[in-house]
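Notes for the one structure printed next.
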Amino acid sequence: MQIMCCDETNAQASKNVDFFVYGGLVVSADKLGPLNEEIEDIRHDSGFNSEASLKFRSASRPIEVPHEMWTQAKAATIAACQRHEVKLITSVIHHKIAQAQKSHMTDWQLNTCLDEFNRRLEWSQDYGLVIIDRISDQREYSLLRDKFRLGGTTPWGKNREFKRVVSYSSTSDGASHLASATDVILGSLAFCINQRSGDAERCRKIYCSIEPML
């Protein structure tokens, strides 16, 4: 069984955000437990308390965790995902392209990731579970119901059924370490894409840590 945990980032265009990034981390069910324990150890060693979130954005850093330890915790989380053979499926779209169909943006990007996930499951003759982060307009339940029953319509007009995905659910901040890892890795990728001209050296270093999972 394979599990894909999905999230979105940079959903709003701004001066420093050209691209909307959606994606999911894919992990084998037998590796999820060990990955969970390793991220728990990273949190403990970095000084996170049980209420604190481990996420990418600077504004999310807990006050009790020094900036250097927080940065190291994110890097360690990415490294842990590599060790446990986690893969990253992602879809990136320019906001100027997406704005004409903004109400469908998350739906289409999720469909693109589901299509690739389903294809991987077909190759391996396996089955999958999909977990998505909460959506701002709180329509995730109806969205996931439609994915399971009907499949999804892509931007190029083709309806796809994701037969190898046997269950859909939603999660929220703090509900799993896998969701935290998804936020950290997608946020890191989005930083590399949207800040590529402002901090090229840092972007290059971060991207090299993510690229093996793509």
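The values are calculated or read from the model by the stated rules, or taken from the named source; none is laboratory data. In this text the structure is predicted, and so the values were computed from the model without any measurement. Backbone-built Cβ (ideal geometry, glycine too); neighbour counts: all protein chains shown. Side chains included, ligands, DNA and RNA excluded: accessible areas come from the protein's heavy atoms. Shrake-Rupley method; radii C 1.70, N 1.55, O 1.52, S 1.80 Å.
Of note:
- Kirkwood-based shape ratio for the range 1-103, expressed as Rg/Rh from alpha carbons: 1.03
- Anisotropy class of the range 143-214 from Cα gyration tensor, a/c 1.5 cut: prolate
- Reduced Cα scattering model of the range 46-102, Debye log10 I(q)/I(0), q = 0.18 Å⁻¹: -0.76
- Pairs of alpha carbons in the range 92-214 whose separation is greater than 23 Å (percent): 42
- Computed [θ] at 222 nm, deg cm²/dmol, the chain (DSSP H ≥ 4; -39,500 (n - 2.57); rounded to nearest 500): -15000 deg cm²/dmol
- Beta bridges per DSSP with both ends in the chain, % antiparallel, nearest 5: 65
- Across all directions, the shadow cast by the convex hull of the range 56-151 built on its C-alpha atoms averages 8.9 square nanometres.
- Protein heavy-atom surface of the chain, 1.4 angstrom probe: 49% of the accessible area is carbon and sulfur, with nucleic acids and ligands not counted.
- Label-point separation in nm, ARG149 to ALA175, each point 7 Å along Cα→Cβ: 2.1
- Dipole magnitude of the chain, debye to nearest 20 (Cβ charges: Lys/Arg +1, Asp/Glu -1, about Cα centre): 760
- Selection among MET105, HIS84, PRO66 by position relative to the dipole of the chain gives MET105 as farthest towards the positive end (Cβ unit charges, Cα centre).
- Column: log10 I(q)/I(0), Debye, Cα scatterers of the range 28-74, q = 0.17, 0.28, 0.30 Å⁻¹: -0.49, -1.02, -1.11
- In the distance distribution for the chain, Cα-Cα pairs more than 21 Å apart total 53 percent.
- Calculated P(r) tail over 14 Å for the range 172-214, as whole % of Cα pairs: 50
- Disulfide-incompatible cysteines by the Cβ rule (no partner under 4.7 Å) in the chain: CYS5, CYS6, CYS81, CYS113, CYS208
- Normalised per residue, the accessible area of the range 113-203 is 53 Å², obtained with a 1.4 Å probe and no contribution from ligands, DNA or RNA.
- Ellipsoid equivalent to the range 80-122 - semi-axes via the Cα gyration tensor, in Å: 26, 13, 7
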